[in-house]
1. Given the residues L110, L102, which is the only one that is surrounded by fewer than 20 Cβ atoms within 10 Å (Cβ to Cβ) and in the same structural domain as E257 (by TED's automatic domain parsing)?
2. I'd like to verify a number: residues in the range 318-333 that are more than 54 Å from the chain's Cα centre (by Cα) and not in a helix (DSSP H, G or I), how many?
3. All but one of (1) farther than 30 Å from I105 by Cβ; (2) of a type in the set (S, T, N, Q); (3) modelled with pLDDT under 80 hold for N80; state the number of the condition that does not hold.
4. So, restricting to strands (runs of 3 or more DSSP E) that lie completely within the range 142-242, which ones have at least 1 residues that are surrounded by fewer than 17 Cβ atoms within 10 Å (Cβ to Cβ)?
5. Please go through the range 120-130 and give me each residue that is more than 15 Å from I193 (Cβ to Cβ) and either modelled with pLDDT of 90 or more or assigned to a strand (DSSP E or B) (or both), ordered by number.
6. Any chance the range 252-266 includes a residue that's acidic (D, E), modelled with pLDDT under 75 and within 21 Å of F71 (Cα to Cα)?
7. Pairs only if they're at least six apart or on different chains, beta carbon under 8 angstrom, first in the range 168-179 and hydroxyl-bearing (S, T, Y), second surrounded by 18 or more Cβ atoms within 10 Å (Cβ to Cβ); list them, first residue then second.
8. So R94 clears everything in (1) assigned to a helix (DSSP H, G or I); (2) touching a helix residue (DSSP H, G or I) at 6+ places or on another chain (Cβ under 9 Å); (3) closer than 16 Å to V214 by Cβ except one condition, right? Which one?
Amino acid sequence: MRPAGALSENVRIAIDALRANKLRSSLTILGVVIGVATVMAMAAIVQGIQGQINRTFEVAGPTTFYVLKKFSAVPLNPANLPKDVRIRPDLSEREADRIRRLPEIGYAALWGQALARIESQGIRSQPMAVFGADDGFPLIQGGELQAGRWFTKNEMNAGSPVVILEERAALRLFGREQSLGRWIRIGGRPAEIIGLWQEPANIFAPPGTSVGAVVPYRMLDHQFDIDRTNALWIPIRPRTGVSVADAQGAVIMALREMRRLHPADGNTFDLVTQDQVLDTFNNLTNVFFLVMIVLSAVALLVGGIGVMAIMTVSVTSRTREIGVRKALGATRRDILQQFLVEAATLTGIGGVIGILFGLVLGRVASLAMSIDAPVPISLTAIAVVVSISIGIVFGLIPARRASLLDPIEALRYE
């Protein structure tokens, strides 16, 4: 028989064997399905998050950079700060003003953030991110003003109780009713809605939180408790025609002068570029993805062991069939190929089902997290190859055992 014909015949025999033992085969396939589905779902979510992060930084622009008290991959505990962070001064409006007046700088302002619930007429939101900023907020964060206006100079200077409400937050509170001019409570503090802002579809926020409102920085500073280590920063954009390196150099010199640092003293602040923040996020998501791969690999290993057990039982229960095939002229290679194809078919089916489940789970999770998760096409092909390979690797021992059976002894087997 030609190789192609032998392969198709072995696939047919494998499918018949799976049909004959539906429960046993289904339980074996389940382990492969869980492992592959986990990989596919996590891959879709991670790729979606990374894509959102990349597009978010594109909104701010490649030249935007930030001054922070301390740049850390994970938030620091304000109640237990390391000594080198405790001795650093908090960022101040005076420093932001000094940076803004530098000839190399086009935009700079002190921003802050707090978490608070937004309330109106007995309706209360979940904790949402409340930004304290100025009228340059959309320059850095993007998005569109859908109605109303941004803050006036007087409102920013006085820290007036006015708020630009995010469009979806307004929809949750007021439905289709007019919201401009209404008063709401943000973390228990009253504020008048003067504008509705729609955040860009590609903005990235930590899971479980979303941008709810933007208020003048001085209002946030006066009325809210701000984590001045983790939630206070100065976004900066160089003036047109000025390189990021030149702008950063000017900012460093200005801050060191204001803080009266000697030439031998280290900086008591951190400058962070878009690339550094992006690398940090990518490292975190890559670690998350790696953990998920390890967990799913355990499920695949369990599935592989199940394949070995099933194929061993299959060889034992079909000993007489093997003897008949050998008596009719089947070689060891034919028998080996038969059982390897059966094992690969078992895991291949599990792989395909796992891919479908994984893509559905990834899509559901991405919709729940409001991210655009693309189909990981390259990983789909890899998942199929890996699942089939597991069947071949773990099916090799029972397949070899079947090929080595003595035909006379096999025909006598009851």
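The values are calculated or read from the model by the stated rules, or taken from the named source; none is laboratory data. Note that the structure is predicted; figures quoted are calculated from it, not measured. For neighbour counting, all protein chains shown are included, and Cβ atoms are generated from backbone atoms with ideal geometry for every residue, glycine included.
1. Step by step, each of L110, L102 is checked, and only L102 is surrounded by fewer than 20 Cβ atoms within 10 Å (Cβ to Cβ) and in the same structural domain as E257 (by TED's automatic domain parsing).
2. The number of residues fulfilling the criteria is 2.
3. Of everything listed in (1) farther than 30 Å from I105 by Cβ; (2) of a type in the set (S, T, N, Q); (3) modelled with pLDDT under 80, N80 misses just condition (3).
4. In the range 142-242, the matching strands (runs of 3 or more DSSP E) lie at 144-148, 183-186, 189-198.
5. Those that are more than 15 Å from I193 (Cβ to Cβ) and either modelled with pLDDT of 90 or more or assigned to a strand (DSSP E or B) (or both): R124, A129.
6. No: the range 252-266 contains no residue that is acidic (D, E), modelled with pLDDT under 75 and within 21 Å of F71 (Cα to Cα).
7. From residues that are hydroxyl-bearing (S, T, Y), the pairs are S179/L165; S179/A170; S179/L173; S179/I193; S179/L196.
8. Condition not satisfied by R94: (3).
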